[in-house]
Amino acid sequence: MTEHTSSAMPVVRLIPKAEARAIRHGFPWVYANELVTDRRTRNLTPGTIAQLEDANRTPMGVVTVNPASKIICRMLDQDPAAVIDQAWFVGKLQRALAHRARLYEAPFYRLVHAEADGLPGVIIDRFGDLAVIQPNAAWADLLITPLVAALQEVTGVTTVIMNGTGRARTLEGLEEKTDVLVGTAPDAPVQVPMNGAIYMADVMGGQKTGLFFDQRLNHAFVAGLSKAARVLDVFSHVGGFGLAALAGGAASVLAVDGSAPALELAEQGAAAMGVSDRFETRKGDAFDVLTALAEEGATFDVVICDPPAFAPSKSALEAGLRAYERIARLAAPLVADGGYLTLCSCSHAADLTKFRNASARGIGRGGRRGQIIQTGFAGPDHPLLPHLAESGYLKALTFRL
């Protein structure tokens with residue numbers, strides 16, 4: 001299945017109560033309770049390309065349908081006659097690439113950020129001549145061949161890896177799998193230059209695509225605070241904030257993470273930068289290590305906590321906010337007077353206000369007072385669709401205590 005013509009397309013229709021105007025103005029999703037779901041629609045293969053009509057049978061565009069998902073339709077093109085083939089993908093990818101090429105001199109960035117780049121559920125991170133695709137929606141799984149061909153045509157990448165793991169695929173009813181689609185898998189981590197640091201990305205076995213490009217601007221801000229500073233980087237993954245701080249002239253960095261492979265990659269990055277003498281790691285549960293550091297009487301000029309999503313869904317929100325508060329409470333006492341504490345959240349269920357309040361409560365409970373000096377978000381290679389609040393998941397708050 002490589003292309004679809006409008007004449008052969010099935011048709012799906014909104015119920016009269018559905019918000020057709022919002023979709024016309026750019027909202028990219030149709031929920032299952034907004035669509036006429038007769039037996040024919042329910043029997044469509046997940047990922048089927050169809051034409052969407054409003055309740056008056058006026059064509060609204062081309063959508064992908066997944067009867068197994070709460071998001072039953074995702075808008076692909078508001079032209080009802082659009083043909084979803086390799087040429088269509090080329091157009092989307094050229095537009096995405098033009099933006100990144102203007103932002104960054106080196107080809108290391110998020111090339112496609114799902115709905116915001118017009119490819120719903122598709123993430124593509126670029127590492128030089130290698131790209132990692134996360135097809136988190138059924139349609140992208142079905143049309144992976146023309147997508148990959150277009151990706152090679154537009155960018156010239158020689159290796160394409162599919163990382164089909166994670167919660168989003170489970171919600172779509174898709175199996176988890178990692179595969180080399182083009183080229184050969186690298187036999188060593190990929191070196192990624194960013195903010196003057198060198199990161200090691202494990203594109204085959206690492207978290208998500210192997211590296212988090214979204215924190216680039218926040219790494220740079222913290223690096224600017226870190227000259228001659230003692231820095232603690234908690235939930236450091238492959239050294240995100242810590243290596244940036246070393247590139248910014250930090251006197252010392254202690255990186256804490258629960259994953260030994262991630263810390264090993266961080267150490268390799270420090271070695272590649274020639275700063276191993278100023279870089280230390282500590283493997284362990286972040287809450288335990290923060291508690292132990294307090295008992296040891298340790299203090300730092302800059303402390304960063306960048307945990308995984310504690311509130312990945314609305315149902316997990318209250319527990320997640322308590323966890324963010326606890327992190328702030330444990331981290332605050334470790335910050336020297338006049339020092340800086342950066343707290344991050346990648347939970348889209350916890351909006352900025354809720355996250356800020358939980359962080360401030362934790363700092364207060366840790367016996368400290370602080371002023372917010374910077375609020376950061378994901379970088380411009382992670383564009384935000386204004387209609388879709390979920391796409392603005394990352395928040396980074398820097399306090400001076």
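The table that follows gives values for the structure above.
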item	result
Strands (runs of 3 or more DSSP E) contained in region 90-179 and holding at least 1 residues modelled with pLDDT of 95 or more and either polar (S, T, N, Q) or open to solvent by 50 Å² or more (accessible area, probe 1.4 Å) (or both)	159-164
Qualifying positions in region 63-76 - in contact (Cβ under 8 Å) with a residue 40 or more places away in the chain and either hydrophobic (A, V, I, L, M, F, W, C) or buried (at least 16 other Cβ atoms within 10 Å of the Cβ) (or both)	63, 64, 65, 66, 68, 69, 71, 72, 73, 74, 75, 76
Test result for residue 53, more than 26 Å from the chain's Cα centre (by Cα), open to solvent by less than 60 Å² (accessible area, probe 1.4 Å) and within 28 Å of residue 90 (Cα to Cα)	yes
Residues of region 185-200 classified as over 18 Å from residue 217 (Cα atoms), crowded, with 19+ Cβ neighbours inside 10 Å and either touching a Ser or Thr at 6+ places or on another chain (Cβ under 9 Å) or of a type in the set (Ser, Thr, Tyr) (or both), total	0
Residues satisfying the stated conditions in region 218-253, i.e. under 14 Å from residue 304 (Cα atoms) and either free of Cβ contacts under 8 Å to residues at least 12 places away in the same chain or open to solvent by 20 Å² or more (accessible area, probe 1.4 Å) (or both)	220, 221, 224, 225, 230, 235, 237, 252
Residue selected from region 306-342 under the condition over 19 Å from residue 207 (Cβ atoms) and among the small types (Gly, Ala, Ser), by the criterion surrounded by the fewest Cβ atoms within 10 Å (Cβ to Cβ)	338
Subset tally (residues that are touching a Ser or Thr at 6+ places or on another chain (Cβ under 8 Å), open to solvent by 10 Å² or more (accessible area, probe 1.4 Å) and closer than 21 Å to residue 136 by Cβ) for region 8-50	3
Any chance residue 294 is open to solvent by 10 Å² or more (accessible area, probe 1.4 Å) and either of a type in the set (Gly, Ala, Ser) or closer than 30 Å to residue 171 by Cα (or both)	yes
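The values are calculated or read from the model by the stated rules, or taken from the named source; none is laboratory data. Because the structure is a prediction, the values reported are computed rather than measured. As a convention, Cβ positions derive from the backbone with ideal geometry for all residues, glycine included, and neighbour counts pool all protein chains shown. To get the accessible areas, we keep the full protein, side chains included, count just its heavy atoms, and leave off ligands, DNA and RNA. Shrake-Rupley method; radii C 1.70, N 1.55, O 1.52, S 1.80 Å.
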